[in-house]
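Colleague: Supplied in structure tokens, the structure appears directly below.
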Amino acid sequence: MSLTPVHIEFIAVGALWTIGLSAVGFIGGSVLGFSMALARISPSPLLRRLASGYIQIVQGTPLLVTLFLFYFGLAVIGLDSLPAIVAAGLGLVIYSSAFLAEIWRGCLESVPKTQWEAAECLALSRWQRMTRVILPQAMRIATAPTVGFLVQIVKNTSLASVVGFVELAQAGKLVNNTIFEPFTVFIVVAAFYFAICYPLSAWSRSLERKLNVGRR
Amino acid sequence: MSAVVSLSNVHKSFGAVKVLKGVSFDIGASEVIAVIGASGSGKSTALRCINALETIDSGEILVCGHKVHDAALDRRALRRDVGIVFQSYNLFPHLTVAQNIMLAPSCVKNMGKAEARALAEQVLAKVGLLEKADNYPEQLSGGQQQRVAIARSLAMQPKLMLFDEVTSALDPQLTGEVLRVMEDLARAGMSMILVTHEMAFARKVASKVIFMHQGKVWETGPGAMLDNPQTKELSEFLSNGL
């Protein structure tokens, strides 16, 4: 038996789930990660410590284990076992938030301290300093590494297959189980991943070039 | 005469390094004070303490009625009364010249866009840069950027202006154009404290010169004191400059 259009279509649907799961992970991770980045540079030592503890725990745990924890762990503490998509989504949100928080904290802190000072001396509130002076500058710095990290998220969604979620990698595995042609099947799977990731990394590179040259 | 700024017995350390060791001086309205001294003499730190950019260890600082030494100081209220211009300009690179100036009046004083724009044009005209309103800071020379920084402070209509070595990064020609703006301000009656290395300017414009040495006010007098130093340290400092 060999690869048929039906198999390719099955893998393509898996690719769509990969994109969907990446989007969930990235959007959820951005919201949570941005709050964590703000907490990391907050004037309150308690907030700073909480955020840095959260980031260290998440970054020090393999995503695979995080996914298992959500999928099986929540059932243990009495909640009904989560559907695979929810567990995978949550796991990726938590994972991305910790890394995005650190990337963005770095970008916020790379805006010279004198910019904070100048804004402070114009009687701007902390919120105004952040939104009107620091964030617009930090966002320019952050765009390239953020898009770069998006590629990591896409590739890491393949781990969601361990909780039985049928995304691109899992779709490939299922197809291979029926036709036993691992090399052909996973070449196709790899091609799909590449088709998703390459435009992102190319975009990230071009953003980086633009930022290195120009002011805006 | 009520003092605009009054420092009494101010001490400040950075870790084990004592930077200010009991600094006291008063400044009246419309006075122009030049603070001179060698690097590390504490003059910039003293200026930053006046604007609460540094917190002092002991002593008292009164600025336009604000108790700067008080832990309960309302910093934003203080900064509405005090403008500061830095050596490195610190314009906001992502905003145009006009937007740089309009930011504080619209954020802090809730000024409408048209009114803020008119104000920006008014202060830009004062520093002679009206035609640069829609340029970005990086398109300007250092001297022009510094004049924009002065205009940005002026837009908040401060009662006191602080200048922290504002010409130290500029060549003599650009220095001249910035000093002319400051001289105009002084003539218009603005209370000013400037930390400076421009001795000729201090002599000409300042109503009082303060020479700081090793964290203390070493010698105080009118501009003419620079021609006739009373202490060995000031005369050494002045001769090293030549």
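Colleague: Size of the dipole of the protein assembly as shown about the Cα centre, Lys and Arg at +1 and Asp and Glu at -1 on the beta carbon, nothing else charged, in debye to 20?
Modeller: Numbers: 41 positive and 33 negative charges, 61 e Å.
With only Lys, Arg, Asp and Glu charged at Cβ, the dipole is about 300 debye.
Colleague: Right, something else. For the stretch B:55-136, just say rounded, prolate or oblate: build the C-alpha gyration tensor, square-root its eigenvalues into a ≥ b ≥ c, call rounded for a/c under 1.5, and beyond that prolate if a/b exceeds b/c, oblate if not. Please report the intermediate quantities before stating the final value.
Modeller: Working: a/c = 2.70, a/b = 2.05, b/c = 1.32.
Prolate is the answer for the stretch B:55-136, as a/c is 1.5 or above and a/b outweighs b/c.
Colleague: Just to confirm my numbers, what's the Cα centroid distance between the stretch A:27-95 and the stretch B:182-239 in Å?
Modeller: 59
Colleague: If you don't mind, another one. Which residues' amide hydrogens lie under 5 Å from the amide hydrogen of residue B:36, considering only partners 5 or more residues apart or on another chain, with H built in the peptide plane?
Modeller: So residue B:36 has HN proximity to B:210, B:211, B:212.
Colleague: Express in whole angstrom the spacing between the alpha-carbon centres of the stretch B:18-88 and the stretch B:91-164.
Modeller: 23
Colleague: Label the protein assembly as shown by shape, choosing from rounded, prolate and oblate, from the square roots a ≥ b ≥ c of the eigenvalues of the Cα gyration tensor; if a/c is under 1.5 it is rounded, and otherwise prolate applies when a/b is larger than b/c, oblate when it is not.
Modeller: Values: a/c = 3.24, a/b = 2.51, b/c = 1.29.
Prolate.
Colleague: Remind me, what semi-axes does the stretch A:109-165 give for its equivalent ellipsoid, largest first in whole Å, using sqrt of 5 times each Cα gyration tensor eigenvalue? Don't jump to the answer; show the numbers that get you there.
Modeller: Numbers: eigenvalues 287, 27, 10 Å².
Those come to 38, 12, 7 Å.
Colleague: Hey, any idea what the orientation-averaged projected area of the convex hull of the stretch B:83-196's Cα atoms comes to, in nm²? Could you put the intermediate results ahead of the total?
Modeller: On the way: hull surface 25.5 nm².
Taking a quarter of the hull surface, the average projection is 6.4 nm².
Colleague: While we're on this one: If you take the charge dipole of the protein assembly as shown about its Cα centre, with +1 on Lys and Arg Cβ and -1 on Asp and Glu Cβ, which of A:110, A:137, B:185 is farthest toward its positive end?
Modeller: The listed residue farthest towards the positive side: B:185.
Colleague: Another question about this same structure. Compute the projected area of the convex hull of the Cα atoms of the stretch A:1-94, averaged over all viewing directions, and report it in nm² to one decimal place. Can you show the working numbers first?
Modeller: Values: hull surface 33.6 nm².
So the Cα hull casts an average projection of 8.4 nm².
Colleague: OK, next. Of the residues B:29, B:120, B:16, which exhibits the maximal mean-square fluctuation in a Gaussian network model of chain B defined by a 10 Å Cα contact cut-off?
Modeller: Between B:29, B:120, B:16, it is B:16 that shows the largest mean-square fluctuation.
Colleague: With +1 assigned to the C-beta of every Lys and Arg and -1 to the C-beta of every Asp and Glu, and no other charges, what is the dipole magnitude of the stretch A:5-213 about the Cα centre in debye, to the nearest 20?
Modeller: On the way: 14 positive and 9 negative charges, 162 e Å.
Dipole of the stretch A:5-213, to the nearest 20 debye: 780 debye.
Colleague: Also, I was wondering about something else. Which value, in Å³ per residue, describes the convex hull spanned by the Cα atoms of the stretch A:5-213?
Modeller: Working: hull volume 28.5 nm³, N = 209.
Convex hull of Cα atoms, per residue: 136 Å³.
Colleague: To check you understand DSSP bridge types, tell me what percent of the beta bridges within the protein assembly as shown (both residues inside) are antiparallel, rounded to 5.
Modeller: Values: 21 of 38 bridges.
Once the DSSP bridges in the protein assembly as shown are tallied, antiparallel ones form about 55 percent.
Colleague: Could you compute the FRET efficiency for residue A:35 and residue B:228, with r as their C-beta to C-beta distance and R0 at 51 Å, rounded to 0.05? List each step's numbers first, then the result.
Modeller: On the way: r = 63 Å, r/R0 = 1.23.
With a Förster radius of 51 Å, E is 0.25.
Colleague: What share of Cα pairs, in percent, lie more than 24 angstrom apart in the stretch A:42-136? Before the final figure, lay out each step's value.
Modeller: On the way: 1901 of 4465 pairs.
The proportion of pairs with Cα distances above 24 Å equals 43 percent.
Colleague: Need one number: % antiparallel among DSSP beta bridges in chain B, to the nearest 5. Kindly include the intermediate steps, with their values, before the conclusion.
Modeller: Numbers: 21 of 38 bridges.
The antiparallel proportion sits near 55 percent.
Colleague: With helices defined as uninterrupted DSSP H runs, which ones in chain A have an alpha carbon span along their own long axis of at least 18 Å and mean Kyte-Doolittle hydropathy of at least 0.5?
Modeller: For chain A, where a helix must reach 18 Å along its axis and average at least 0.5, the hits are A:5-40, A:84-110, A:135-156, A:182-213.
Colleague: Kindly provide the Kirkwood hydrodynamic radius of chain B in Å, to one decimal, from all pairs of distinct alpha carbon atoms. Intermediate values should be presented prior to the final figure.
Modeller: On the way: mean 1/r = 0.0543 Å⁻¹.
For chain B, inverting the mean 1/r across all distinct Cα pairs yields 18.4 Å.
Colleague: Given B:142, B:206, B:118, which one lies farthest toward the positive end of the charge dipole of chain B, if we put +1 on the Cβ of every Lys and Arg and -1 on the Cβ of every Asp and Glu?
Modeller: B:118
Colleague: With a cap of 15 neighbouring Cβ atoms within 10 Å, and only residues DSSP puts in a loop, list the chymotrypsin sites (Phe, Trp or Tyr not before Pro) found in the stretch A:140-216. Before the final figure, lay out each step's value.
Modeller: Working: sites: A:149, A:165, A:180, A:183, A:186, A:192, A:193, A:194, A:203; in loops: A:165, A:180.
Taking the stretch A:140-216 and a limit of 15 other Cβ atoms within 10 Å, the loop chymotrypsin sites (Phe, Trp or Tyr not before Pro) found are A:180.
Colleague: Run through every distinct alpha carbon pair of the stretch A:96-205 and return the Kirkwood hydrodynamic radius in angstroms, one decimal place. Kindly include the intermediate steps, with their values, before the conclusion.
Modeller: Working: mean 1/r = 0.0592 Å⁻¹.
Hydrodynamic radius (Kirkwood, Cα only) of the stretch A:96-205 equals 16.9 Å.
Colleague: Here's something else I'd like to know. Out of A:157, A:76, A:122, whose Cα points farthest toward the positive end of the dipole of the stretch A:53-157 (charges: +1 Lys, Arg; -1 Asp, Glu; placed on Cβ)?
Modeller: A:122
Colleague: Enumerate the amide H contacts of residue B:29 below 5 Å, restricted to partners 5 or more residues apart or on another chain; note that Pro and chain-start residues carry no placed amide H.
Modeller: B:4
Colleague: To the nearest 20 debye, what is the magnitude of the charge dipole of chain B about its Cα centre, counting +1 on the Cβ of each Lys and Arg and -1 on the Cβ of each Asp and Glu? Before the final figure, lay out the partial values.
Modeller: Values: 25 positive and 24 negative charges, 91 e Å.
Its charge dipole is roughly 440 debye.
Colleague: Per 5 Å bin, what is the whole-percent P(r) computed from every C-alpha pair distance within the stretch B:1-85?
Modeller: For the stretch B:1-85, the pair-distance distribution reads 3, 14, 28, 26, 20, 8, 2, 0.
No value in this document is a laboratory result; all are computed from the given coordinates. These numbers were taken from a predicted model, which means no experiment stands behind them. Cβ coordinates were reconstructed from backbone atoms using ideal geometry, including for glycine residues, and neighbour counts include every protein chain displayed.
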